[in-house]
Amino acid sequence: PDVLREQRETMESVDVAGLRREGIENAVVARMGRLRASGIDGLWIHLDVDVLDPGLMPAVDCPEPGGLLADELVQVLDLACATGQVAGMHVTIYDPERDPDQRCGRVLVDILARGLARLEPGFARVISSPWVRARHTAEIARAALALESPVEILAALAPGGDPDLVIRCVRRTR
């Protein structure tokens with residue numbers, strides 16, 4: 001599909017060490033500028049929670065040392081939101097079974113609330129893949145955002161899902 005072609009032509013990754021070396025603000029602003037210059041008019045953020053340092057977020061399947069700190073991820077999200085290009089996001093890898101006291105869940109919601117505060121017009125809905133952990137995280141976020149509407153389940157967010165369907169869903173949101 002066109003989405004996959006655009007993804008190959010415009011997406012650019014950077015690891016945590018490279019992000020810190022380049023400087024978070026420089027790295028995010030430069031990449032967001034390149035996306036905008038390529039004609040992309042919206043951005044969907046995919047956040048794997050295991051990008052966070054395991055000292056902060058041990059409730060993941062594959063903790064890797066040297067991950068982002070909370071304030072670093074907040075800065076990445078905040079800078080992305082400041083561009084006005086963020087249409088939505090999904091959060092994966094958080095494992096509530098590894099978080100019996102929900103401390104990590106609360107840390108995650110705090111990061112998301114601070115990092116996404118600049119989104120305008122704000123949140124109207126939370127959409128989740130059908131996966132249990134994704135739904136659990138989405139419920140935590142919905143509650144923290146004080147949204148009355150229930151979490152919407154979108155099968156296209158699961159692996160192998162249709163990216164064009166996700167885009168159509170997001171466009172209904174904007």
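The values are calculated or read from the model by the stated rules, or taken from the named source; none is laboratory data. In this text the structure is predicted, and so the values were computed from the model without any measurement. Cβ coordinates were reconstructed from backbone atoms using ideal geometry, including for glycine residues, and neighbour counts include every protein chain displayed. For the accessible areas, the whole protein counts, side chains as well, though only heavy atoms, and no ligand, DNA or RNA atoms are used. Shrake-Rupley method; radii C 1.70, N 1.55, O 1.52, S 1.80 Å.
The figures follow:
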{"quantity": "Probe 1.4 Å, accessible area per residue of the chain, Å²", "calculated": "56 Å²"}
{"quantity": "From the coordinates shown, Rg and Dmax of the Cα atoms in Å corresponds to which of (1) 15.7, 45; (2) 20.2, 66; (3) 16.8, 59", "calculated": "(1)"}
{"quantity": "Helix-only [θ]222 nm of the chain, DSSP H runs n ≥ 4, -39500 (n - 2.57) each, per residue, nearest 500", "calculated": "-14000 deg cm²/dmol"}
{"quantity": "Whole-percent carbon and sulfur share, accessible surface of the chain, 1.4 Å", "calculated": "54 percent"}
{"quantity": "Exposed GluC sites (Glu not before Pro) absent - longest run of the chain, DSSP non-H/G/I/E/B, at most 16 other C-beta within 10 Å", "calculated": "13-147"}
{"quantity": "Estimated dipole of the stretch 26-125 in Debye, rounded to 20 [Cβ of Lys and Arg +1, of Asp and Glu -1, Cα centre]", "calculated": "520 debye"}
{"quantity": "For the chain, size of Cβ-based charge dipole, Lys and Arg +1, Asp and Glu -1, in debye", "calculated": "520 debye"}
{"quantity": "Cα convex hull of the stretch 109-174, projected area averaged across orientations, nm²", "calculated": "4.6 nm²"}
